[in-house]
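Have a look at the structure below before the remarks.
The values are calculated or read from the model by the stated rules, or taken from the named source; none is laboratory data. Because the structure is a prediction, the values reported are computed rather than measured. Quick reminder, even Gly has a Cβ in these numbers, built from the backbone with ideal geometry, and neighbours come from all protein chains shown.
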Ligand code: PLP
């Protein structure tokens, strides 16, 4: 049994939470773990939905980031998934954090993160949250309008301000430019206002839109930011930081790869903000770090078999309707808010059989609570389990308990060698060394076994 043989349970403090992390050697894969936990749930008569969270994947993403964008410091966007184990992992490995509220700032500070590793990246802030940022010495914050400058002058006059410009990819999955960001001419005017108020503007930020599908947007945004830097210089202001925001994909099979964005960002930075300029470059990636680390497993709680008469009327319709214990009011809120699409996987140990058209529904009484209108699946039984991968971004962070249905619980796992770097970050620098050989699978990221094997090799190398 996996649990007794290759898995070691470790207890870790993450702020106020006490977490159990299951570490294992490279003979175990995430799929093994998911399948074992399903079997264990069956043995124990448990039906609750759960997430398997692979912290090794988060670590590996950070390696990839530091390898491909070594000049850009990631400030993880907490809004995307504020899971304590994810925050603790990234905090231990030295990333910064993008917080949007007092509660997010509190959570990150509780992990022992210094306030200068936080950017309060919300251009339209609540007054009491600004006061809290001032009290806790969180000084970096964004703005994009004049009234906000007056608020900041009054409530947090020593803030280090970052001017957010509008630079959206019109094809991004979630457009943010309709709500935030000053166009370049307005941004230039705002610099003058800030100067007149004696405020300290340190840089420019943008967000091309969450789920960017068009890498060009970054190149354009960086050139517009350079125009604002030039204007600042002309009026005697010295900007020192560029924040290239979020939008980087994190799931398998994303419409655009991280590498494609890197290929646009790196030359644009080299052209407009070369290393010799001394400009500090940061980013606010959210989904990049968490999307693929979270696998959700749900239980079939009910089933409807469509009768022959109805099937004859709707020949494209499902033959089976399955009702599961998480839905659009829970983790699958991503279908609405994040415009996500999801794929279902049937655990491999169920006896394979003929595929049928099926639909999958959440547990609430609302007709909108549909996860998949059409999926081809073997006939399933009540009590069996279904698997959804890539469920880490904008899922559990925004879920509710509508109708009294509980959120899934979390099982944290990590390959031991990768987790060693979290326990002892000095090992991380050895592992995060840029690699010259290709390190990706077709899907853009190392397989679990490769990750674990490489990490083990590199830890050995760094210790010898
Ligand atoms: N920064 C800001 C200001 C955001 O609003 C968001 C997402 O909405 C992010 C960063 C993270 O974006 P992503 O998850 O696409 O990287």
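Considering every residue within segment 44-64, establish whether at least one is within 13 Å of the ligand (Cβ to nearest atom) and either assigned by TED's automatic domain parsing to the domain that holds residue 390 or farther than 17 Å from residue 415 by Cβ (or both). The answer is no; no qualifying residue exists.
Annotation: of all residues in segment 124-152 being assigned to a loop (DSSP other than H, G, I, E, B) and farther than 20 Å from residue 240 by Cα, the one that is farthest from the ligand (Cβ to nearest atom) is 136. If the condition is being without any contact (Cβ under 8 Å) to a residue 60 or more places away in the chain and not in a helix (DSSP H, G or I), then segment 29-57 contributes 44, 45, 46. Of the residues 241, 237, the single one that is assigned by TED's automatic domain parsing to the domain that holds residue 120 and more than 29 Å from the chain's Cα centre (by Cα) is 237.
For segment 217-233, indicate whether the set of residues that are within 14 Å of the ligand (Cβ to nearest atom) and under 30 Å from residue 408 (Cβ atoms) is non-empty.
Within segment 217-233, none of the residues are within 14 Å of the ligand (Cβ to nearest atom) and under 30 Å from residue 408 (Cβ atoms).
In a residue-by-residue description of segment 256-268, the property of being under 18 Å from residue 174 (Cβ atoms) and either surrounded by fewer than 16 Cβ atoms within 10 Å (Cβ to Cβ) or modelled with pLDDT of 95 or more (or both) applies to at least one position. Within the option set 170, 185, being away from the ligand (no atom under 14 Å from the Cβ) and assigned to a loop (DSSP other than H, G, I, E, B) holds for one residue only, 170. Looking at the structure I just gave you, is residue 246 touching a residue at least 60 places away in the same chain (Cβ under 8 Å), in contact with a strand residue (DSSP E or B) (Cβ under 9 Å, 6 or more places away or on another chain) and either within 13 Å of the ligand (Cβ to nearest atom) or within 13 Å of residue 72 (Cα to Cα) (or both)? Yes.
Within segment 104-130, residues that are under 16 Å from residue 86 (Cβ atoms) and touching a residue at least 60 places away in the same chain (Cβ under 8 Å) have Cβ atoms under 7 Å from residues that are within 14 Å of the ligand (Cβ to nearest atom) and outside any helix (DSSP H, G or I) in these pairs: 107/82, counting only partners at least 6 apart in sequence or on another chain.
Matching residues to (1) outside the structural domain of residue 231 (by TED's automatic domain parsing); (2) more than 13 Å from the ligand (Cβ to nearest atom); (3) over 19 Å from the mean Cα position of the chain (by Cα); (4) under 24 Å from residue 279 (Cα atoms):
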site: 154; (1), (2), (3), (4): no, yes, yes, no
site: 160; (1), (2), (3), (4): no, yes, yes, yes
site: 165; (1), (2), (3), (4): no, no, yes, yes
site: 175; (1), (2), (3), (4): no, no, no, no
site: 200; (1), (2), (3), (4): no, yes, yes, yes
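Of all residues in segment 72-103, those satisfying the criterion of being away from the ligand (no atom under 16 Å from the Cβ) and under 26 Å from residue 273 (Cβ atoms) are 93, 94.
Within segment 256-263, identify whether any single residue is assigned by TED's automatic domain parsing to the domain that holds residue 96 and not in a helix (DSSP H, G or I), and answer yes or no. Yes, the conditions are met somewhere in segment 256-263. Taking the criterion of being closer than 22 Å to residue 231 by Cα and within 13 Å of the ligand (Cβ to nearest atom), the residues of segment 202-216 that qualify are 205, 206, 207, 208.
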